[in-house]
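The values are calculated or read from the model by the stated rules, or taken from the named source; none is laboratory data. Everything numeric here is computed off the predicted structure, so don't read it as measured data. Backbone-built Cβ (ideal geometry, glycine too); neighbour counts: all protein chains shown. What goes into the accessible areas is simple: the full protein's heavy atoms, side chains included, and nothing from ligands, DNA or RNA. Shrake-Rupley method; radii C 1.70, N 1.55, O 1.52, S 1.80 Å.
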Amino acid sequence: MSTILIDPDTCSKCGTCLHICPLGLILKGEDSTPFMPDEVGAFCSKCGNCEAFCPEGAIYPEYSTRYPEISEDVKQGITPGALGIYMRQRRSVRNYQVKLVDRETIEEILDIVRYSPSGMNNQPVHWLIIHDPAEVHKLTRITIDWMRNVLASDALHPLKPVIPSLIAAYESGKDPICRGAPHVAIAHAPAANPMAFTDSIIALSWLELAAPAFGLGACWAGFLKIAASSSQELKDELGLPEGHEVQYAMMFGYPEYKVYGIPGREPARISWK
Ligand SMILES: Cc1cc2nc3c(=O)[nH]c(=O)nc-3n(C[C@H](O)[C@H](O)[C@H](O)COP(=O)(O)O)c2cc1C
């Protein structure tokens with residue numbers, strides 16, 4: 001079955017959809033009105049680009065992913081200058097206010113993040129939001145316990161050199177794993193999906209980038225992710241669906257400090273041919 005309907009009365013036959021469809025599933029009909037043959041419908045990835053790029057709004061997907069109309073005042077978009085400042089001002093946030101982010105705000109951000117690209121528009125990312133700060137503390141405690149076991153074992157582990165300082169920080173009352181953040185976002189997906197890791201990293205990057213627009217800050221939780229791949233206690237605590245694994249994790253909350261500047265970075269290394 002075709003996954004789209006094209007309204008012949010509003011279609012201007014401009015052919016944009018033919019060029020836009022990533023798999024070339026839309027063809028020119030006899031009177032030049034485009035159509036998707038029923039026999040290729042199963043290959044449609046439901047990316048919605050034919051709908052999004054149609055100048056006349058003549059394409060109606062048969063799947064339910066339509067988004068509310070974009071209002072005129074936000075249609076203009078963001079200037080490159082403003083975007084450059086916004087993106088460069090993104091910082092890893094490691095100090096948080098003792099203030100919860102309400103669920104509606106988190107859902108609003110994830111509603112943006114679900115538009116991040118994924119291989120073949122597979123959209124494999126699921127979210128486990130650790131909303132309870134006590135549960136975040138528990139994840140830190142389990143991670144530190146796992147680190148103690150790694151340190152005590154004879155096995156080689158790349159984290160061994162840094163583990164003593166992390167344990168010392170924890171024992172002095174700090175949280176070196178989740179940085180005292182009130183919340184953690186866990187991106188998880190079926191372990192068998194070979195593209196899910198990349199898609200999850202992209203989605204988390206969007207989450208981190210979107211956060212400041214909501215007054216929030218975030219930081220990749222690398223230690224937590226490494227522990228979650230090995231520690232059975234941590235896996236049991238997270239209780240992900242059967243067959244799913246943690247792809248990556250990110251802590252977030254209201255930042256304690258404001259970002260004023262933009263630190264230096266290496267110049268872009270570019271070659272041209
Ligand atoms: C994959 C990845 C894992 C990271 N893990 C941690 C972490 O476990 N703890 C932490 O404090 N920062 C972590 N970071 C943050 C980096 O240290 C940070 O991005 C880097 O120092 C650059 O600073 P900026 O993000 O403010 O530009 C991680 C970053 C990435 C990309």
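Just one of (1) in a helix (DSSP H, G or I); (2) away from the ligand (no atom under 15 Å from the Cβ); (3) among the charged types (D, E, K, R) fails for residue 245. It is (1). Residue 264 meets the conditions (1) within 13 Å of the ligand (Cβ to nearest atom); (2) open to solvent by less than 60 Å² (accessible area, probe 1.4 Å); (3) more than 18 Å from residue 127 (Cβ to Cβ); (4) not polar (S, T, N, Q) in every case but one. The failed one is (2).
Picking from residues in the stretch 86-98 that are open to solvent by 90 Å² or more (accessible area, probe 1.4 Å) and either free of Cβ contacts under 8 Å to residues at least 24 places away in the same chain or under 11 Å from residue 181 (Cβ atoms) (or both), the one that is farthest from the ligand (Cβ to nearest atom) is 98. Can you find even one residue in the stretch 157-164 that is assigned by TED's automatic domain parsing to the domain that holds residue 198, farther than 21 Å from residue 257 by Cα and touching a strand residue (DSSP E or B) at 6+ places or on another chain (Cβ under 7 Å)? No, that holds for no residue. Among the residues of the stretch 201-230, those that are open to solvent by 10 Å² or more (accessible area, probe 1.4 Å), away from the ligand (no atom under 12 Å from the Cβ) and either assigned to a helix (DSSP H, G or I) or acidic (Asp, Glu) (or both) comprise 202, 206, 207, 210, 213, 214, 229, 230.
Quick one: is residue 3 among the polar types (S, T, N, Q), more than 21 Å from residue 121 (Cα to Cα) and surrounded by 13 or more Cβ atoms within 10 Å (Cβ to Cβ)? In short, no.
Cβ-Cβ distances below 6 Å connect the following pairs, each with a first residue in the stretch 111-133 that is open to solvent by 50 Å² or more (accessible area, probe 1.4 Å), a second residue that is assigned to a loop (DSSP other than H, G, I, E, B), and a separation of six or more residues or different chains: 120/45.
Among the residues of the stretch 248-261, which ones are of a type outside the set (A, V, I, L, M, F, W, C), part of a loop (DSSP other than H, G, I, E, B) and open to solvent by less than 100 Å² (accessible area, probe 1.4 Å)? Show your work before the answer.
Let us first name the residues in the stretch 248-261 that are of a type outside the set (A, V, I, L, M, F, W, C), namely 248, 253-258, 260-261.
Narrowing further to those that are part of a loop (DSSP other than H, G, I, E, B): 254, 256-258, 260-261.
Those that are of a type outside the set (A, V, I, L, M, F, W, C), part of a loop (DSSP other than H, G, I, E, B) and open to solvent by less than 100 Å² (accessible area, probe 1.4 Å): 254, 256, 261.
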